[in-house]
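Only the coordinates and a few stated rules stand behind these numbers; no lab work does. This structure is a prediction, so every number in the text was calculated from the model and none was measured. Here the Cβ positions follow ideal geometry from the backbone for every residue, glycine too, while neighbour counts run over all protein chains shown.
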Amino acid sequence: MNLAVNIDHVATLREARGGMEPDPVHAAVLAELAGASGIVCHLREDRRHVNDRDVRVLRDVLTTKLDLEMAATPEIIAIALEIVPDLVTLVPEKREELTTEGGLAVHGNEDYLSEVTKAFHERGILVSLFIEPEPMQIDAAVQCGVDIIELHTGTYANARSRAGVKIQFERIRAAAMYAANAELVVTAGHGLDLRNLEAICRIPEIEEVSIGHALVSRALFVGFEQAVREYVAAVS
Ligand code: PXP
């Protein structure tokens, strides 16, 4: 399994003082050197962490892949079509949320999301949808013609009882199988850490996990490259 590293929270720390340090681009390069398969950043409407300059510089310097996480709004779509990341991951976005709170409502929005997907494909950009592990959303993703689905693991990560963890894990496993059968590439992310990752790694259909908060937190104590190396070792 591959590891994509989300660097949003390096930028969060920079924004706490409004200067240049720490630079998320620096973190991204270290993550690549330590074995990450790609770099993820979320260009939010309010630019609370990653900004337009970061995405442009990342586009120039990365040697693995740039996954631009984004809401499918006209402003951000226009930026993505100009910068041309390798991949866009479409997520729901609310101004008042601390982090992405759930999967995208693909079912019911197939027409719009098909159009958006077509525009990205015309520029050679792959499209991933961040969704709940539900067959209805997977069927809708297939209808939109996307390449990848990222299964939301947040509910699994937040489950506290043993029974709750098992129920949420089984939802993810079943959804991964369902999506792989539909010939979608399957990835997963949100709330994953060194404790809850192991079970997810045992789902063979999941090709990559996207991890940010726990990895950046770990990096404060052991350094960024070492934290990435630990997560690369955990997923492989
Ligand atoms: N995948 C998506 C779509 C996300 O929105 C996030 C959070 O930015 C992540 C993965 C990574 O989640 P975490 O920061 O909890 O590891």
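Those residues that are under 26 Å from Ile167 (Cα atoms) and of a type in the set (Lys, Arg), I need them from segment 188-236; list them, please. Matches in segment 188-236: Arg195, Arg202. The residues in segment 173-194 that are surrounded by fewer than 16 Cβ atoms within 10 Å (Cβ to Cβ) and either within 11 Å of the ligand (Cβ to nearest atom) or within 20 Å of Glu134 (Cβ to Cβ) (or both) can be counted, and the count is 6. Scanning segment 145-169 for residues that are crowded, with 17+ Cβ neighbours inside 10 Å, hydroxyl-bearing (Ser, Thr, Tyr) and over 15 Å from the mean Cα position of the chain (by Cα) gives Thr155, Tyr156. Among the residues here, Thr155 qualifies as within 16 Å of the ligand (Cβ to nearest atom) and assigned to a helix (DSSP H, G or I). Among all residues of segment 195-203, there is at least one that is of a type outside the set (A, V, I, L, M), within 14 Å of the ligand (Cβ to nearest atom) and not in a helix (DSSP H, G or I). One residue stands out among those in segment 129-144 that are surrounded by fewer than 24 Cβ atoms within 10 Å (Cβ to Cβ) and outside any helix (DSSP H, G or I): the one that is nearest to the ligand (Cβ to nearest atom), which is Glu132. Taken together, the residues in segment 88-111 that are away from the ligand (no atom under 11 Å from the Cβ) and either surrounded by fewer than 21 Cβ atoms within 10 Å (Cβ to Cβ) or within 18 Å of Tyr156 (Cα to Cα) (or both) amount to 9.
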